[in-house]
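The values are calculated or read from the model by the stated rules, or taken from the named source; none is laboratory data. Since we're looking at a predicted model, the values are computed, not measured. Methodologically, a virtual Cβ is constructed for each residue, glycine included, from the backbone with ideal geometry; neighbour enumeration extends over all protein chains shown.
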Amino acid sequence: MKGVILAGGLATRLYPLTHATNKHLLPIFDKPMIHYPIDTLLRSGIDEILVVTGGPHAGDFIRVLKNGKDFGVKHLEYTYQEKPDGGIADALSLAQDFANGGPITVILGDNTTDGDISEHVKTFKDGAKVFLKKVADPQRFGVPVFGKPRKGNKPKILKIEEKPKEPQSDYAVTGLYMYDNEVFEIVKTIKPSERGQLEITDVNNAYLKKGKLDWVEFDAFWTDAGTPATLLKANVYWAVKKGVNLL
């Protein structure tokens, strides 16, 4: 299993902060945001990592991460997404050579969690797996629509809706996914959304139609940090977790 961190985009929701650097290099408490997804992968036993970045500040990553040895990364690669607004699935497609025929764990560069996914990494075989979390604002995310649960079994996902105005559940598909190597062929079949992007939700729905999408609910802290409010939330959580009294 190899790891892919998607850290491109222009992060316009965080202007003017992101006029100066890439969003994923902004601080969350005592280290750059990008360190948190790296830590998530390393805790799971993944030490071969590709960072997909883009935009005018892509070169900043090399100065911050270098070759990854300082963090325990065995092998660190970078690739450049020429269309920063091409979408998550477009960024993911750039990881095909890096994956080299094997499975990948994908995490968005603005996601922070203290969860341990090592068992999921060890037991993953094929298809796709998404990690869900109950949130107060599911309309910002891909949202699963569940069928009626059968006794003793978790409900099946019928479909995933991208940023629905009226979410049919209060779960969000977090920016953490596992895919077998078929994902790259699936990306080639999807079409741009109304936003002009290749949506990761369409990739997940393609696996769903094949009956090859599994899901698990996160039982740990998780948040994205892509808005001013969630950036603040992440900073506060990690500061308090590390013993800082903010009062």
If we keep only residues of the stretch 202-247 that are assigned to a loop (DSSP other than H, G, I, E, B) and of a type in the set (Gly, Ala, Ser), then the residue nearest to Lys154 (Cα to Cα) is Gly211
Within the stretch 143-168, work out how many residues are in contact with a helix residue (DSSP H, G or I) (Cβ under 7 Å, 6 or more places away or on another chain), surrounded by 12 or more Cβ atoms within 10 Å (Cβ to Cβ) and not β-branched (Val, Ile, Thr). 5
Filter the stretch 218-243 down to the residues that are touching a residue at least 40 places away in the same chain (Cβ under 8 Å), aliphatic (A, V, I, L, M) and either closer than 18 Å to Asp30 by Cα or buried (at least 18 other Cβ atoms within 10 Å of the Cβ) (or both) and list them by number. Ala225, Leu231, Ala234, Ala239
Picking from Asn245, Asn235, Asn205, Asn153, which residue would you name as being out of contact with any Lys or Arg (no Cβ under 8 Å at 6 or more places or on another chain) and closer than 21 Å to Leu6 by Cα? Asn235
Scan the stretch 158-173 and tell me whether some residue there is out of contact with any strand residue (DSSP E or B) (no Cβ under 9 Å at 6 or more places or on another chain), within 30 Å of Ile28 (Cα to Cα) and part of a loop (DSSP other than H, G, I, E, B). yes
Selection count where residues are touching a residue at least 12 places away in the same chain (Cβ under 8 Å) and either surrounded by fewer than 18 Cβ atoms within 10 Å (Cβ to Cβ) or of a type in the set (Ser, Thr, Tyr) (or both), scope the stretch 49-59: 1
Which residue pairs have Cβ atoms under 7 Å apart, sit 6 or more places apart or on different chains, and have a first residue in the stretch 149-167 that is over 22 Å from Ile200 (Cα atoms) and modelled with pLDDT under 95 and a second that is of a type in the set (Lys, Arg) and part of a loop (DSSP other than H, G, I, E, B)? none
Among the residues in the stretch 216-230, are any of a type outside the set (Lys, Arg) and more than 17 Å from the chain's Cα centre (by Cα)? yes
